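Below is one structure; the comments refer to it alone.
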Amino acid sequence: MSQPDLNKLDPEQLRSFAASLLERLNEQGETLLQRDEHVQRMEKRCHYLETLNSKLTAEMSVLKRHRFGKHSEQLNVLQRSLLDDVVDADIAAIELELEAATEPASPARQKQQPKRTALPPELPRTLIVHEPDSTECQCGCQLRRIGEDISEKLDYTPGEFTVERHIRGKWACEQCETLTQAPVPPHVIDKGIPTTGLLAQVLVAKYADHLPLYRQ
């Protein structure tokens, strides 16, 4: 999906573009929720099969003790024959249930990682660097910067979209291998890309300007 040139859009078109971004985020959230529910169902089924397998294995052990245990020699020939027939039938039935319970289920489709569309590169960006308060480890050693995490948030000021580029440095201690990093700044929507400025604009346009979301 090609991104429009935001510098050439009027306020109405910018609102429409922001609404489409929010709608896409909601759709991705629903997709992830459905995948999580599918994973939970598969985990419950695996737990049920493990419990059933343990139960059937225990019953099999009891029946085999009845079948081959010493106490069977204390019965007469007729009683032992009848008991052996019943035990053999039970063992055969349990073996069939064990085979059915241990059959590999149809392989689930590999869970795909959602790919979020990158924000347009032509938007002006503001760098916001988050570093730890101290670069000295608790053990007394000096921390060394080994990398960084970068996340981008879409912001809106009247008539202009901008991007907040958050950079969180990773600092590690070579002595105790402790990783130190500044905490993630809180957001209204967890792991979402809209900032409070963009959300405020959407709410004002909907409830103050009476502009529906599909027209923003």
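The values are calculated or read from the model by the stated rules, or taken from the named source; none is laboratory data. Everything numeric in this text was worked out from a predicted model, so none of it was measured. A quick note on method: Cβ atoms are made from the backbone with ideal geometry, for glycine too, and the neighbour counts reach across all protein chains shown. Surface areas here come from the heavy atoms of the whole protein model, side chains and all, with no ligands, DNA or RNA. Shrake-Rupley method; radii C 1.70, N 1.55, O 1.52, S 1.80 Å.
Before moving on, here are some points about what is shown:
- Of everything in the range 143-183 that is part of a strand (DSSP E or B) and small (G, A, S), the residue that is most open to solvent (accessible area, probe 1.4 Å) is S151.
- Pairing each residue of the range 37-54 that is under 15 Å from A100 (Cα atoms) with any residue that is modelled with pLDDT under 80 and open to solvent by 70 Å² or more (accessible area, probe 1.4 Å), provided the two are 6+ apart or on different chains, yields C-beta distances under 8 Å for L49/T102; L52/E97; N53/T102.
- Check on V62, modelled with pLDDT under 75, more than 21 Å from I193 (Cα to Cα) and in contact with a His (Cβ under 6 Å, 6 or more places away or on another chain): no
- Residue list for the range 12-54, filter: aromatic (F, W, Y) and closer than 30 Å to E95 by Cβ: Y48
- Here V202 meets the list (1) open to solvent by less than 40 Å² (accessible area, probe 1.4 Å); (2) not in a helix (DSSP H, G or I) almost entirely, failing just condition (2).
- Exclusive hit being within 18 Å of the chain's Cα centre (by Cα), modelled with pLDDT of 80 or more and surrounded by 13 or more Cβ atoms within 10 Å (Cβ to Cβ), set R35, R41: R35
- In the range 165-185, the condition of being free of Cβ contacts under 8 Å to residues at least 12 places away in the same chain and touching a helix residue (DSSP H, G or I) at 6+ places or on another chain (Cβ under 8 Å) is met by no residue.
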